[in-house]
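Structure first, then comments.
The values are calculated or read from the model by the stated rules, or taken from the named source; none is laboratory data. The model shown is predicted, which means the values in this text are computed figures rather than measured ones. We place every Cβ from the backbone using ideal geometry, glycine too, and count neighbours over all the protein chains shown.
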Amino acid sequence: MQAATSTRGVFPMIPKAPASTVRAPRSRPQVHAAWRLTIAMSCLVGALAPAPALSSHTSGTPERSAMPPTDSARAHVEADGVVLEAIFVREGAALRVDYRLRNTGTQALVVFDRGDRHAVLTRRQKTGDVGVPRLETRDGDRAVLSHVARALPTPTPTVPPTPLARRVHPGEQVDASFAFANWLDAPAQVQWCIGVAVADDARLSSPDATGAVEVWQADFGYADDQQVLCTPWFDMARGTFER
């Protein structure tokens, strides 16, 4: 989260005379004069050569930046007791979202970004991983991705999609990331929403710490009680958020 490439320049090589060339012996003054001329020419060529640029390239797999080079690709959203920061990066037709959520309140929160129990049981995702966001299309060329608690479907399925959530304690912040490319055509603009709520032990059950993070099965009623934080619209062509 690697050693830097050398930035030394390449000095000019002085051409050697072909082996078949025969020259008459030179006097000592001539040798000294030729030696001084060679040194002077080398210095002149070195002075005229462009200075090598400092390189930031490193060997091995590069780390992802914690922050983008400009704030135009970062969203900051505040709500009651919680702050969300999200960085959107377009990768071809895909969109990567790196986000940080901070509990600024006095009560523990649950965050509904871990998918649902049905997805885990059907092996569409691993326990504790960030779930696949739901995709909704708006106005033809806009798309909304969301990680939120959803109500129990009607009729009730045999294996209900019980929301999975992680806890975030007061003062704690958590980082996560996901990528999405499951659209027929990349939209012109994308928005992402995430649901959070106050943790209530009576409405949380079956903690599971076998995955990337500990997750809890949450009451379907959270679909009506959660706060939903949404980023501004992100322009896929420009790579910036609307302000």
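Structural remarks
- Pair list, Cβ < 9 Å and 6+ apart or interchain, from the range 227-243 residues that are among the aliphatic types (A, V, I, L, M) to residues that are buried (at least 17 other Cβ atoms within 10 Å of the Cβ) and assigned to a loop (DSSP other than H, G, I, E, B): V228/V148; M236/P187
- Test: residue in the range 138-149 that is of a type in the set (D, E), exposed (fewer than 12 other Cβ atoms within 10 Å of the Cβ) and outside any strand (DSSP E or B): yes
- Top-ranked residue in the range 186-242 [being assigned to a strand (DSSP E or B) and of a type in the set (F, W, Y); ranked as farthest from V77 (Cα to Cα)]: W216
- Test: residue in the range 212-223 that is closer than 25 Å to R117 by Cα, touching a Cys at 6+ places or on another chain (Cβ under 9 Å) and at pLDDT 95 or above: no
- Note on the range 177-210: residues that are over 20 Å from V228 (Cα atoms) and surrounded by 17 or more Cβ atoms within 10 Å (Cβ to Cβ) amount to 1.
- Of all positions in the range 165-174, none carries a residue that is surrounded by 14 or more Cβ atoms within 10 Å (Cβ to Cβ) and farther than 17 Å from R102 by Cβ.
- Close pairs (7 angstrom Cβ cut-off, 6 or more residues apart or separate chains): closer than 14 Å to G239 by Cβ in the range 70-88, in a strand (DSSP E or B) and of a type in the set (S, T, N, Q) anywhere: S72/T240; A73/T240
- Any hit, the range 138-153, residues being at pLDDT below 95 and within 18 Å of V97 (Cβ to Cβ): yes
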